[in-house]
């Protein structure tokens with residue numbers, strides 16, 4: 001069969017569905033993190049050699065290749081390391097634009113050496129400053145899920 | 001000829017199982033890397049110059065797992081390369097590590113291969129590997145729905161059943177002969193600590209009592225889908241002599257592509273009608289033996305690990321790589337030649353038939369052969385192993401890796 005692409009009549013269009021289901025094991029280390037969220041607590045791990053603290057937890061330190069299997073509780077407060085402001089709706093494809101600007105920030109929990117990307121709430125974009133202190137806002141329904149962290153807000157309001 | 005003589009100094013595994021849900025992919029790999037480094041006490045993780053990582057392309061839906069697990073395989077701020085070539089991935093990772101040392105560019109190289117099949121959908125994964133022509137089909141005017149007709153039952157077994165039919169016609173092998181290979185593998189696996197299907201009391205009758213998946217292959221003959229990882233540490237001859245009691249020198253490496261036979265478009269694309277002919281394996285073996293100075297593999301090789309998810313493949317490979325005369329393998333298995341205490345022990349680790357973490361499988365073959373030379377294998381053969389081979393197969397039946405190793409460096413011809 002020869003296809004003449006100039007003539008659309010000759011083009012065959014095939015549609016098919018491929019079912020691709022993936023399920024990932026978080027493993028016992030990340031499991032502990034989600035157990036912590038269920039109790040409204042941040043649980044990280046600490047490197048047995050250099051003392052770096054990882055949140056979310058991981059069981060190896062890349063800098064030392066040493067075990068980081070000691071779990072430690074971390075506070076609900078942190079520092080805004082970086083941020084961006086967007087009016088494109090995050091993780092929603094149906095309606096892209098939103099009326100109110102959203103802020104996403106890189107927040108380093110006090111005592112941790114890593115930062116998490118989280119929504120920053122209850123502040124006007126013009127008041128944002130890197131280095132400002134923030135505190136976690138928990139979701140209404142806690143499920144042991146990443147969404148348990150609704151976001152972070154400035155301590156005491158700005 | 002290699003510029004620098006590469007040697008294997010350590011091999012590590014994690015425990016393989018159908019579901020390693022206690023760890024994520026990075027932690028799974030870490031277990032094998034730690035096991036490997038713990039067994040080479042004088043090597044620090046900082047001594048590793050280069051890391052090569054591989055698993056099947058997106059089987060778990062993770063496209064760049066090597067970046068995810070960088071910290072977990074001692075690769076932070078180091079040169080890193082990912083290699084993926086279908087079922088031969090592990091073999092290609094092993095060969096790439098060999099090239100890295102042999103070229104003189106790197107001294108100490110860590111090869112890591114893994115698969116956590118319980119996370120993914122193997123059938124979808126195989127659609128991109130065993131159905132190598134998937135993307136070519138539309139350009140030939142074929143509809144996607146036509147693929148189903150070609151593949152028979154599933155992907156890999158669809159390929160293997162064609163090989164089995166041709167092999168059985170050529171050699172007059174019976175289903176009982178196939179079952180005997182399975183029994184030997186599963187009983188061997190029971191004596192090796194890291195394997196998946198451990199069946200110390202399985203019999204030929206047990207295997208033949210299971211239903212057909214795709215004639216002539218039965219459920220009891222098919223490899224499992226495993227979660228697991230393997231790590232191998234390579235270094236130069238000079239360093240290996242200082243580090244290891246018995247360094248295993250890699251003396252010959254061949255990796256040939258062979259046209260796919262039965263899964264060419266309606267068999268038309270290959271110019272080859274016998275899927276058990278496997279010229280790629282013959283050519284790879286010839287090249288590796290010539291590099292290693294081996295003229296009579298059936299006499300000079302002491303131990304072999306071949307890649308056989310299905311029992312007919314084990315019979316086919318040991319013949320194609322020159323260990324047995326054509327069509328004589330079934331008799332050798334009947335007479336116990338390939339058993340643990342036989343003259344030519346094959347797959348004493350339990351083989352791919354007992355454990356198949358796909359991306360790792362083709363590296364676990366040369367890795368286990370190296371352990372047999374070191375005398376440190378989980379199911380160690382009683383005789384002394386001087387020369388051994390590790391073979392890998394995969395990628396729409398068209399890529400073979402063949403590694404020959406020994407306790408002495410490559411013979412130098414002048």
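We did not get these values from a lab; they are worked out from the coordinates using the rules stated. Since we're looking at a predicted model, the values are computed, not measured. We place every Cβ from the backbone using ideal geometry, glycine too, and count neighbours over all the protein chains shown.
The table that follows gives values for the structure above.
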{"item": "Using distinct alpha-carbon pairs, which all enter the 1/r mean, Kirkwood radius of chain B in Å", "result": "20.9 Å"}
{"item": "Approximate spin-label separation residue A:101-residue A:38, in nm, with each point projected 7 Å along Cα-to-Cβ", "result": "4.0 nm"}
{"item": "Peptide-level mean, for B:15-26, of C-beta atoms on other protein chains within 10 Å", "result": "3"}
{"item": "Cα shape, the range A:76-158, gyration tensor, a/c 1.5 rule", "result": "oblate"}
{"item": "Fraction of beta bridges assigned by DSSP in the protein assembly as shown that are antiparallel (%, nearest 5)", "result": "80 percent"}
{"item": "Protection proxy ranking, peptides B:302-314, B:42-54, A:61-73, B:357-369, average beta carbon neighbours within 10 Å, highest first", "result": "B:357-369, B:302-314, B:42-54, A:61-73"}
{"item": "Mean separation of Cα contacts under 8 Å (6+ apart) over length of chain B, as relative contact order %", "result": "25 percent"}
{"item": "Ellipticity estimate at 222 nm from DSSP helix runs (n ≥ 4, -39,500 (n - 2.57)) divided over chain B, nearest 500", "result": "-10000 deg cm²/dmol"}
{"item": "Counting DSSP beta bridges with both ends in chain B, the antiparallel % (nearest 5)", "result": "70 percent"}
{"item": "In Å, descending, principal axis extents of the Cα set of the range A:23-74", "result": "30, 27, 12"}
{"item": "Relative contact order (%) - criterion: Cα under 8 Å, at least six apart; region: the range A:76-158", "result": "30 percent"}
{"item": "Projected label distance in nm at residue B:328 and residue B:170, using a 7 Å step from Cα toward the beta-carbon", "result": "1.5 nm"}
{"item": "Computed FRET value (nearest 0.05) for residue B:246 with residue B:103, which takes r as the C-beta separation and R₀ as 22 Å", "result": "0.35"}
{"item": "Residue mean of other protein chain beta carbons inside 10 Å, B:62-72", "result": "2"}
{"item": "Shielding by partners, peptide B:358-371 (average Cβ within 10 angstrom, other chains)", "result": "0"}
{"item": "Computed over the protein assembly as shown, the ratio Rg/Rh where both radii use C-alpha atoms and Rh is Kirkwood", "result": "1.03"}
{"item": "Residue A:138-residue A:50 FRET efficiency (beta carbon distance; Förster radius 25 Å; 0.05 resolution)", "result": "0.20"}
